[in-house]
There are 2 protein chains.
Amino acid sequence: MATVPLGLYLWKRLKQIGIDHIFGVPGDFNLNLLDYIYDVPDLKWVGNTNELNAAYAADGYARVAGAGCLVTTHGVGELSAINGIAGAMTEQVKVIHVVGQTTRMMQQKHLMIHHSIGFNPDHQVFNKASKGFRVAAAELQSEEGAAEEIDRALREMFLKSGPVYIFVPIDLVDKPIPAAALEKPLNLEPEPDTKAVEEAVRAALDALYTSKQPAVFVDCLVQRHQAVVEVRKLVDTLSTPTYTSNMGKGIIDETHPHYVGLYNGVCSGPGVQEAFEQADRVLMIGNLPSDTNSGGFTRRIASDKALSIDTHSVTVGGKTYDNAPIKAVLRKMLDLVATDKLPKTLMPKLPERPLEDDADSKMITQSWVWHRFAKFMQPGDVVLGETGTAAFGLPDTTFPAEIIWITQTYYGSIGHATPAAFGVEMALNSLASRGTARGRTILCTGDGSLMLTVQEVGNMIKHGVAPIIFIINNAGYTIERIIHGARQSYNDIVPFDYSHMLQFFNMPEAEAKKNFHRAHTKAELEEILSKDSVKQPQALQIVEVMMDMMDVPWRLATQIATRGPAAVKEMQEAGFKVRQLNKQEAFWG
Amino acid sequence: MATVPLGLYLWKRLKQIGIDHIFGVPGDFNLNLLDYIYDVPDLKWVGNTNELNAAYAADGYARVAGAGCLVTTHGVGELSAINGIAGAMTEQVKVIHVVGQTTRMMQQKHLMIHHSIGFNPDHQVFNKASKGFRVAAAELQSEEGAAEEIDRALREMFLKSGPVYIFVPIDLVDKPIPAAALEKPLNLEPEPDTKAVEEAVRAALDALYTSKQPAVFVDCLVQRHQAVVEVRKLVDTLSTPTYTSNMGKGIIDETHPHYVGLYNGVCSGPGVQEAFEQADRVLMIGNLPSDTNSGGFTRRIASDKALSIDTHSVTVGGKTYDNAPIKAVLRKMLDLVATDKLPKTLMPKLPERPLEDDADSKMITQSWVWHRFAKFMQPGDVVLGETGTAAFGLPDTTFPAEIIWITQTYYGSIGHATPAAFGVEMALNSLASRGTARGRTILCTGDGSLMLTVQEVGNMIKHGVAPIIFIINNAGYTIERIIHGARQSYNDIVPFDYSHMLQFFNMPEAEAKKNFHRAHTKAELEEILSKDSVKQPQALQIVEVMMDMMDVPWRLATQIATRGPAAVKEMQEAGFKVRQLNKQEAFWG
């Protein structure tokens, strides 16, 4: 029977499921595991500047390539990464966290090995800490059955879409295990209840056929469960007004003739909420109704209107069909839909966007900058909006077709987007090496968020990748200022002088000077955005965008207004522009 | 009945127990809690560049000031800090982690508030993750009994010496609670079994009286349990050869006439192990026998020789006396000891330190630099040795009296020392404001470790503190190279150009140029170390020390040699200098 060392089995399997790059930080309990990476053709080790950054990078990579992987060491590394893993759990991103553990002997004897806790340490105390943040784990303690455990964890990751752990005591790494399983690809497909799927689809279609003015709402979980192609076809087929959310943006081409806009309750653009509410049936696909992705829970759809296709079930008219995975449901719907039975719908006419009070400003304003970015985007781009004003501003940027939009709007951990952008660049390189034409990576972050994970910019330079990074420099945590304590010192940050960043991270002086840009005014930003070296970057570009610390996107102010009149009063007293919501509109009121 | 808002109660209590600075990162579930910090005279908010750095800073602060505190926000912040808290658990450091949680209503209704997980989120999932990493927690859910819960957690922190959590749902912050408890200081003293203490002390003293050549071994837990003053007096009184460990260094003045050296089994300096083994009884005080603090478990003391004063118990001749806290035991021992009954001991004569092969090198070598630093140290300094070559090199630096030595040698999380040094500076400022003369903060770190948490250097500049930071630049993870994969790419790091660091972190150019120093040779380092501006810094000093990537302190090579002949062979083949240990010496062999 052919065998393969356990460590090599693991990496070969990951390569088979589409992973070309392994993120992480070395440590003495993973070094010999890392050695086997070099034995797999076209699989590359990519170290990170710390473990949290590695988790974020793997998350960004996964959002583009399908799945991502990081490796850490027992305890110290494992725990440093845990917040990134919890983010993947919340956002349903497929991240494999491989942890090199102490040897089984050390574990059994409770030895006081460095990184452990106490006088009689339980070496599994760290493993226990992540139980709430993973959809499965392979907790290897023997070479017997190890391959099956690894395969099971990877399969669960795809079925549930979320992070998994693979724990490898370091003395197991070199153990031979059967190689046979590697000869056929891992089965990652769910086994749906085909009867339930068909019944669900027929019920949903009947509800659409009998409606007068149906609508479609597409949210981010479609993307997490590999159903983007199917949902795009369905939207083409149904030819009915289509909406999405802050997080679902980009799945449907925003220039599509049936696309209306982002519907997030009271945090929707002019006319969008009114248009949506005309619908008498809504096909809700992959909905993720967190506060931040639903206008503070103001995206309300009466249950008799909603036909919900969730990730693993369908609900129509109060009846739920289980074991009906979203991709299988959408495929069946494409099979069965009779377009001639669908009602003819009118596309709503949205009002013109009203002119903002600050439209004449020569300075760069929130009301201007996000619309301006629309012209900068190109099909194929991956756009990242960091939690902060960027995540609430970019929803105003109309994207061309074929954009991948990345935002951690439910988990909302500031610092995520910069290492994620590094992961995205590596994923785009992976895809390009297989012949897919690659777009650019465009990161919009803020000075507050960038501070947390800034060293990963150095990794971009080390690896010669060329994202465009827009840094909204508004002197601190503006997203917190509008919530509370606008002028309190806790909302100030440690200021950086970004003009020295590239050189600090080891870019040669001449290049660094060329690749750093700072804009105080709209005119300056226009000039920067018109440069070919920025538009088609050959090296990392930094564009520092100076903005007022008390200027916020309207969506952010409106989102906070859903908390009620006291929140509105506080915002107004602090000097923020925001309208009072009426009682009907506001969830918290 | 006088009342006080719960938030204010918390901060007033922390101020009473000696905390002047609160570390952390703001978030929307802690902002109104932070407001109350400004209402407590001489209590200051100190934001950090991320939550892990905040935890490390609070840890460094606690190691100097007694206890430290950080505040984070629900989920994202809380988990980002968890590795720093686990470090405090391992190293028995008193850190209070205050977490601002979602409101009780949000928790009870399982609302999908940002930072949560899933469709029906359990908001306490993050709290559960830290259960293994704390000695107590106040999980507040009502204003009733909240004061008692806070006080209980703080008392437990002192009794057990370790991290505690205080969870505050944000809607509780403004609730009035009784103020009465604040009128008397919190009782932080343990309640020993006085009979057990006396019996234990008498047994230990009898064993010393009947010995011929006793010795004292002092380790780091003495410091964690507030018994430094007592142990120093005891060492003066016993007048017998005294030893310490890597982690216990500095507690006993290394120029004290009865101080012999660091005893870490085979990883002891010339003659120290032989001298120690002459003892027929050893008073072991506050021992922490982790692999890294015991020469790979080669610090072996026969149980009939050892008289162990542990943190909460004493063991003499196989009999254990419980509920005997270390400080009470040492005090009682000072009361009862009859010095005339103690045997007269001879101080061992250690051999001269042999000349190293590379003694003639003009370049900066590991065998030279740590000894050189001895001349640079001054009484009152706080010296931090980061995990890496620094932690294994600084044990060779003979300290003058009154040094506080900080190293995370058991937990060993690289990245700890830089934010910890920031915390130390704030703690020294606290103590200075109460009239204690303050020394300098001296941080020895490496390029690998600094990378993980480098942004906290910016915080030092923002706050105008003036530590001296030595950066061992040896092109990567040298501590990993010697363990495994000396030339593998995973042991390379992202290179930084430190000459641009201070300006990136916003120090004005003229100052930045003055405060950055780089040494390639011994002569260059000598010149830098002789400058008054470095010796008595008025601003942050960076000294980059260029060293060979394959040069390691002898203690590190010897430590790894304890793993056995295969480890030695691998080191030698990679080109490291190391001697083979004989079978008797090596634990793993």
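Some observations on this one:
- Residue B:419 being of a type outside the set (Val, Ile, Thr), at pLDDT 95 or above and over 30 Å from residue B:475 (Cβ atoms): no
- Filtering the range B:467-487 to residues that are at the interface with chain A (Cβ under 7 Å from one of its Cβ atoms) and either assigned to a strand (DSSP E or B) or under 24 Å from residue A:422 (Cβ atoms) (or both) leaves B:477, B:480, B:485.
- Per the conditions (1) at the interface with another protein chain (Cβ under 9 Å from one of its Cβ atoms); (2) surrounded by fewer than 17 Cβ atoms within 10 Å (Cβ to Cβ), the sole criterion not satisfied by residue A:435 is (1).
- Test result for residue A:522, more than 24 Å from residue A:448 (Cβ to Cβ), more than 14 Å from chain B (Cβ to nearest Cβ) and among the basic types (Lys, Arg): no
- Filtering the range A:2-29 to residues that are touching a Leu at 6+ places or on another chain (Cβ under 7 Å) and polar (S, T, N, Q) leaves only A:16.
- Scan of the range B:81-108 for residues that are polar (S, T, N, Q), farther than 28 Å from residue B:188 by Cα and in contact with a strand residue (DSSP E or B) (Cβ under 7 Å, 6 or more places away or on another chain), ordered by number: B:102, B:103, B:107
- Top-ranked residue in the range B:397-419 [being open to solvent by 20 Å² or more (accessible area, probe 1.4 Å) and part of a loop (DSSP other than H, G, I, E, B); ranked as farthest from residue B:66 (Cα to Cα)]: B:398
- Wholly within the range B:490-589, helices (runs of 4 or more DSSP H) carrying at least 2 residues that are open to solvent by 60 Å² or more (accessible area, probe 1.4 Å): B:509-515, B:522-529, B:532-535, B:565-574
- The residues of the range A:192-225 that are in a loop (DSSP other than H, G, I, E, B), among the charged types (D, E, K, R) and open to solvent by 50 Å² or more (accessible area, probe 1.4 Å), listed by number, are A:193, A:212.
- Filtered residues of the range A:1-25 (kept if touching a strand residue (DSSP E or B) at 6+ places or on another chain (Cβ under 8 Å) and not in a helix (DSSP H, G or I)): A:1, A:2, A:3, A:4, A:5, A:19, A:20, A:21, A:22, A:23, A:24, A:25
- Index of the failed condition, residue B:528 passing every other in (1) more than 24 Å from residue B:48 (Cβ to Cβ); (2) of a type outside the set (D, E, K, R); (3) within 14 Å of chain A (Cβ to nearest Cβ); (4) in contact with a strand residue (DSSP E or B) (Cβ under 8 Å, 6 or more places away or on another chain): (3)
- Among residues that are open to solvent by 50 Å² or more (accessible area, probe 1.4 Å), at pLDDT 95 or above and within 29 Å of residue B:274 (Cβ to Cβ), residue B:362 is not included.
- For residue A:456, the stated conditions hold: it is touching a residue at least 40 places away in the same chain (Cβ under 8 Å), more than 7 Å from chain B (Cβ to nearest Cβ) and either crowded, with 22+ Cβ neighbours inside 10 Å or acidic (Asp, Glu) (or both).
- Which listed residue is out of contact with any Phe, Trp or Tyr (no Cβ under 7 Å at 6 or more places or on another chain), assigned to a helix (DSSP H, G or I) and modelled with pLDDT under 95, from B:432, B:437: B:432
- Considering the range A:276-389, there are no qualifying strands (runs of 3 or more DSSP E) wholly inside with 3 or more residues that are among the basic types (Lys, Arg) and under 30 Å from residue A:535 (Cα atoms).
- Taken over the range B:241-273, the criterion of being open to solvent by less than 10 Å² (accessible area, probe 1.4 Å), within 14 Å of residue B:348 (Cα to Cα) and polar (S, T, N, Q) is satisfied by B:242 alone.
- When residues of the range B:377-394 are limited to those that are over 23 Å from residue B:83 (Cβ atoms) and open to solvent by 10 Å² or more (accessible area, probe 1.4 Å), the one nearest to the other protein chains (Cβ to nearest Cβ): B:377
- A count restricted to the range A:26-36 and to residues that are facing chain B (nearest Cβ under 8 Å) and in contact with a strand residue (DSSP E or B) (Cβ under 9 Å, 6 or more places away or on another chain) stands at 6.
- The listed residues are B:78, B:149, and the only one of them that is among the acidic types (Asp, Glu) and in contact with a Ser or Thr (Cβ under 7 Å, 6 or more places away or on another chain) turns out to be B:78.
- Yes/no for residue B:365 being of a type in the set (S, T, N, Q) and within 22 Å of the chain's Cα centre (by Cα): no
- Restricting attention to the range A:130-154, the residues that are assigned to a helix (DSSP H, G or I), within 14 Å of another protein chain (Cβ to nearest Cβ) and of a type outside the set (D, E, K, R) total 2.
- Residue-level check: of (1) at pLDDT below 95; (2) open to solvent by 40 Å² or more (accessible area, probe 1.4 Å); (3) closer than 21 Å to residue A:347 by Cα, residue A:189 misses just (3).
- Pairs are defined by a Cβ separation below 9 Å, a sequence spacing of at least 6 or placement on different chains, a first member in the range B:416-438 that is outside the structural domain of residue B:464 (by TED's automatic domain parsing), and a second member that is open to solvent by 40 Å² or more (accessible area, probe 1.4 Å); no pair meets this definition.
- In the range B:29-38, residue nearest to residue B:126 (Cα to Cα) [restricted to those that are touching a residue at least 60 places away in the same chain (Cβ under 8 Å) and surrounded by fewer than 24 Cβ atoms within 10 Å (Cβ to Cβ)]: B:31
- Condition met for residue B:184 (surrounded by fewer than 18 Cβ atoms within 10 Å (Cβ to Cβ) and closer than 17 Å to residue B:15 by Cα): yes
- Of all residues in the range A:93-125, those being more than 9 Å from chain B (Cβ to nearest Cβ) and either open to solvent by 30 Å² or more (accessible area, probe 1.4 Å) or part of a strand (DSSP E or B) (or both) number 14.
Every residue, every condition in (1) of a type outside the set (D, E, K, R); (2) touching a strand residue (DSSP E or B) at 6+ places or on another chain (Cβ under 9 Å), yes or no:
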| position | (1), (2) |
| --- | --- |
| B:467 | yes, yes |
| B:483 | yes, no |
| B:511 | no, no |
| B:516 | yes, yes |
| B:532 | no, no |
| B:538 | yes, no |
| B:564 | yes, no |
| B:573 | no, no |
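The values are calculated or read from the model by the stated rules, or taken from the named source; none is laboratory data. Just so you know, these numbers come straight off a predicted model, no measurement behind them. FYI the Cβ positions are ideal-geometry reconstructions off the backbone, even for glycines, and counts take in every protein chain you see. Surface accessibility is based on the protein's heavy atoms, side chains included, excluding ligands, DNA and RNA. Shrake-Rupley method; radii C 1.70, N 1.55, O 1.52, S 1.80 Å.
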